[in-house]
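Asker: Just passing along the structure, written as structure tokens.
Only the coordinates and a few stated rules stand behind these numbers; no lab work does. What you see is a predicted model, and the numbers here were worked out from it, not measured in a lab. As a convention, Cβ positions derive from the backbone with ideal geometry for all residues, glycine included, and neighbour counts pool all protein chains shown.
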Amino acid sequence: MKLISFVPVGTKIRFLQYRKAAILASLVLCIASIGLYATKGLNYGIDFRGGILLEIRTQGPADHQQIRQQIGELDLGNFEIQGFGEPTDVLIRIETQPGGAPGQQKAIEAVRKALGENIDYRRQEFVGPTVSGELVQAGIMAVLLALVAMLVYIWFRFEWQFGVGAVVALTHDVLMTIGMFSVVGLEFNLTTVAAILTIAGYSINDTVVVYDRVRENLRKYKVMKLEEVLDLSLNDTLSRTLLTSVTTMIALLILYIWGGEVIKGFAFAMIWGVLVGTYSSIFIAAPLLIQMNLRAQDVALDEDDAATAS
């Protein structure tokens, strides 16, 4: 019994004819993302800003206005009140208080007293400015090391053109994700960094599948133009690419809608990352091979291919 194909068999979409427009659009959006980060910045969570985070559950639907008024009277500086999940669930974020750990505990006790009884405190966290600064550095280092490690792997696994193309596509995905977070203002925390690293892994996996087919077709069609080889390879892997993206997207949408506030930023970053990663594998990673003058003779035979050829 033949399984139903996700896309028609033997598609001949000319992806590469759109490469100049796609690369130009991506370049403009990446520059815009950098500009947004430099001017508007990100809505850093407590992991990076430091401060107090309280997750509470009230007996009935939470009165946000009343909670805001009660905490505002405590003179604790900047704070945020945010509902999530059920109508009874509320997140309270308060800026770091003077006096170190004792000062934070004193502020938490003041909040508890102001809100009164019949409040279930489900989560209570404090991150100091020193720790938050270290977390920022660790997050940036994790992303950079991941990009370098992937560059080295692709470079050894394929040829240098593939390594450069993959890392450029990954950098594109990371910049676009940061730019989107700056636009929508969602909280950017360590969970988001984890999402970015997951996006990098997802994107490189998709890119490797495309590159592997490109290398295979370059060996098979040595006289075919590179643009035609790339179009053929992208069409060959299109069903796999779309099937993986759609099934992943279904799971992520469920997480985003019903996963709760804590995981919402991660799910949003992943949804955006899957979209951008799929786009970059097709319209960035592959076309860059043309810009780097990849030729059929540049693709060396591995041991299995050499044995087959002989």
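Asker: Can you list the residues, at least 5 places off or on another chain, whose amide H is less than 5 Å from the amide H of Ile13, using H built in the peptide plane?
Answerer: none
Asker: Suppose every K and R has +1 on its Cβ and every D and E has -1 on its Cβ; what is the size of the dipole of the chain about the Cα centre, in Debye to the nearest 20?
Answerer: Roughly 840 debye, rounded to the nearest 20.
Asker: A further question follows. Rg(Cα) of the chain divided by 2.2 N^0.38 Å?
Answerer: Relative to the 2.2 N^0.38 Å estimate, the chain comes out at 1.26.
Asker: Please give the calculated 222 nm ellipticity per residue for the chain, where each DSSP H segment of at least 4 residues contributes -39500 (n - 2.57) and the sum is spread over every residue; nearest 500 deg cm²/dmol? The partial results should precede the final answer.
Answerer: Values: 11 runs with 201 residues, N = 310.
About -22000 deg cm²/dmol.
Asker: Given the C-alpha centroids of region 235-279 and region 102-123, what is the distance between them in whole angstrom?
Answerer: 38
Asker: Packing-wise, with mean Cβ within 10 Å as the measure, how do 161-168, 81-88, 108-115 rank, highest first? Display every interim value, and only then the final one.
Answerer: Values: 161-168: 22.6, 81-88: 13.9, 108-115: 16.1.
Most protected by this proxy first, the peptides run 161-168, 108-115, 81-88.
Asker: Could I ask something else about it? Using the alpha carbons of region 51-127, what is the convex hull volume per residue in cubic angstrom, as a whole number? Mind showing how you got there, number by number?
Answerer: Numbers: hull volume 6.0 nm³, N = 77.
Considering the Cα atoms of region 51-127, their hull volume per residue is 77 Å³.
Asker: Do any GluC sites (Glu not before Pro) in region 1-107 lie in a DSSP loop with no more than 10 other beta carbon atoms within 10 Å, and if so, which?
Answerer: Glu73
Asker: Which of the residue pairs Lys20/Lys264; Lys12/Lys220; Lys12/Lys222 have a Cα-Cα distance greater than 29 Å in the structure shown?
Answerer: In this structure, Lys20/Lys264 lie more than 29 Å apart at Cα.
Asker: Let me know the Rg and Dmax you get for region 179-229 when you use only its Cα atoms, in Å.
Answerer: Considering region 179-229 through its Cα atoms, Rg and Dmax are 17.8, 51 Å.
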